[in-house]
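Okay, so here's the structure we're looking at.
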Amino acid sequence: MKPTTRRTLAAVVTGAAAAVGAAVTPAAAAGAIPVPVPLGGAETALGMELPEVAGELPVPTAGAPEGPRYVEGRLLPDRTLPQVPVHGGLPGVDLRQPVPHVLGEDFDHAGLDAPASGLRTRTPGLSLDAPLTAPDPGALGLPSPKLPEAGVLAPALRTAPVANLGVGPGL
């Protein structure tokens with residue numbers, strides 16, 4: 001293949017990869033997807049003022065699991081079934097309810113704002129060991145029997161949700 005053909009082919013492949021990467025990046029980069037709740041039609045049909053509601057749904061992403069750790073004296077590695085980290089978030093909500101001056105002239109609405117908060121989790125894992133010991137040089141290289149070992153690695157969950165509740169003027 002000629003060098004000019006190679007360069008042209010490389011440029012086409014690079015351009016295609018950049019186009020695919022640009023198309024995938026915005027969806028993967030979004031931490032939460034906004035979800036508006038349209039109540040305008042219900043307000044018109046009922047003839048009254050309804051609350052404004054909007055939400056956010058988080059996009060969970062899986063991380064890379066930690067590989068198994070080999071321990072001297074064991075036939076199977078530690079963390080036979082590794083824990084997988086998953087990053088996402090708790091759903092968020094923004095709610096504003098009209099209030100007819102219950103608390104005075106300056107208070108027209110009550111609002112709740114609970115933004116989507118980060119959530120870090122780890123799936124359960126499993127640690128096993130075979131019912132045999134490692135080969136023993138004193139026993140002509142044969143393993144000895146022992147009790148099998150099994151352990152469950154507990155799942156983990158970390159988050160810090162926040163919410164603001166307040167009243168104020170205007171909707």
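The values are calculated or read from the model by the stated rules, or taken from the named source; none is laboratory data. Nothing here was measured: the structure is a model prediction, and the numbers come from that model. Here Cβ is always computed from backbone atoms with ideal geometry, including for glycine, and neighbour counts include all displayed protein chains.
Quick notes on this one:
- Any chance Leu46 is among the aliphatic types (A, V, I, L, M), farther than 27 Å from Leu157 by Cβ, out of contact with any Cys (no Cβ under 8 Å at 6 or more places or on another chain) and at pLDDT below 80: no
- Subset of the stretch 54-97 (residues that are among the β-branched types (Val, Ile, Thr) and within 23 Å of Leu119 (Cα to Cα)): Val59, Thr61, Val84, Val86, Val93
- Scanning the stretch 147-168 turns up one or more residues that are loosely packed, with under 11 Cβ neighbours inside 10 Å, modelled with pLDDT of 85 or more and basic (Lys, Arg).
- Selected residue [crowded, with 16+ Cβ neighbours inside 10 Å and either assigned by TED's automatic domain parsing to the domain that holds Pro58 or closer than 24 Å to Pro38 by Cβ (or both)] from Thr121, Thr80: Thr121
- Subset of the stretch 154-171 [assigned to a loop (DSSP other than H, G, I, E, B) and farther than 25 Å from Pro68 by Cβ]: Ala160, Pro161, Val162, Ala163, Pro169, Gly170, Leu171
- Taking the stretch 119-153 as the range and being more than 32 Å from the chain's Cα centre (by Cα), over 18 Å from Tyr70 (Cβ atoms) and polar (S, T, N, Q) as the test, only Ser144 passes.
- Strands (runs of 3 or more DSSP E) within the stretch 52-153 that include 1 or more residues within 30 Å of Gly40 (Cα to Cα) and among the basic types (Lys, Arg): 92-98
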